[in-house]
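Structure first, commentary second.
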Amino acid sequence: MSKKGVAIPIVLSSITILTFLLVNFTFFAELNFIKADNIIHKTQARLNARSGLHFAMSMLTLYQQARNLLEENESIKSFVKAEDIEKILYNPFQFPIDDSVVTNEIMKTALGDFNEILMVNGKITLNISPITGHLNPNHMRFSHYKKKEDNKKNKDEEKDLPANEEDETEGDKTKDSILFVENEILTILKKNLEKEKEKNEDFDTLYGNLDPEFLVKELKFYVMDPGQFTDPEQGELEGNYDPSEANAKHKPLL
């Protein structure tokens with residue numbers, strides 16, 4: 001047999017093997033590149049989501065501080081309303097910021113410098129929306145109704161006029177609304193306590209003596225303005241708060 005005839009199949013086999021190895025190597029190299037790119041995008045997306053979450057928490061913290069400041073200072077309420085603060089909170093935020101809407105050159109330069117130092121790739125959109133259709137403990141407050149009733153009484157005394165039936169009807173509706181929220185919270189609390197006691201013996205041992213009605217009263221006492229809450233168990237409720245450690249807020253929960 002000729003040596004030339006043996007060499008040709010060997011060369012062809014070698015070329016076939018090398019081609020297969022090259023194609024296989026190229027395929028896995030591209031696959032690893034795609035995997036690495038996906039990991040980078042996944043990590044960046046997670047970091048962007050975390051940044052948005054931290055930004056949202058910061059916005060909510062600032063909103064809470066602003067509302068508390070508003071509740072503590074009656075003079076501020078004359079030129080700043082709670083609705084104005086909520087509008088700022090619920091205003092959508094988007095990054096990167098569109099510099100085409102910025103007309104001031106100094107602000108454009110500052111915005112460009114700000115974008116350069118950030119390590120954010122992609123887009124972040126943040127929307128904070130109010131939760132509706134849920135029971136709100138703040139609805140057990142009737143300080144606004146009380147103030148309105150006192151103001152009406154003072155005006156009636158000054159003018160020596162009879163009480164306005166429309167205001168009385170509004171006051172009754174406010175009281176009915178407060179009573180509705182209070183009863184709904186009490187019903188839900190009783191139901192969940194009984195449910196948890198049935199399926200968890202440890203919970204029953206630790207919290208079996210809880211009184212749902214007293215807990216609702218304590219919540220109501222916590223959110224009401226000072227002097228507005230009256231109840232036979234008020235002394236016991238006040239005794240639960242040590243001034244050196246914790247005080248009832250007597251303001252809306254935020």
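The values are calculated or read from the model by the stated rules, or taken from the named source; none is laboratory data. Everything numeric here is computed off the predicted structure, so don't read it as measured data. Backbone-built Cβ (ideal geometry, glycine too); neighbour counts: all protein chains shown. The area values use the complete protein model at the heavy-atom level, side chains included, leaving out ligands, DNA and RNA. Shrake-Rupley method; radii C 1.70, N 1.55, O 1.52, S 1.80 Å.
What to note about this one:
- Whole-Hz Karplus values for segment 125-132 come out as 10, 10, 10, 10, 10, x, 8, 10 Hz, taken residue by residue from phi with 6.51 cos²θ - 1.76 cosθ + 1.60 and θ = phi - 60°; glycine and proline positions read x.
- Between residue 124 and 95, the built amide H atoms are under 5 Å apart, and every one of these is 5 or more places off in sequence or on another chain.
- Phi angles across segment 96-108 convert, under the Karplus curve 6.51 cos²θ - 1.76 cosθ + 1.60 with θ = phi - 60°, into 3J(HN,Hα) values of x, 6, 6, 6, 5, 8, 8, 9, 6, 5, 5, 5, 5 Hz, Gly and Pro given as x.
- Protein heavy-atom surface of segment 59-141, 1.4 angstrom probe: 57% of the accessible area is carbon and sulfur, with nucleic acids and ligands not counted.
- Difference of contour (0.36 nm per residue) and Cα-Cα distance, residue 201 to residue 53: 49.6 nm
- Efficiency of FRET from Cβ geometry, residue 76 and residue 123, R₀ 41 Å, rounded to 0.05: 0.65
- Residue-level accessible surface for residue 41, protein heavy atoms, 1.4 Å, Å²: 110 Å²
- ³J(HN,Hα), Karplus 6.51/-1.76/1.60, whole Hz, each residue of segment 68-81, x for Gly, Pro: 4, 5, 5, 6, 7, 10, 5, 5, 5, 5, 6, 10, 10, 9
- Take the Cβ atoms of residue 131 and residue 186, set R0 to 22 Å, and the FRET efficiency comes out at 0.60.
- Where segment 63-102 is the region considered: accessible area per residue in Å², 1.4 Å probe: 71 Å²
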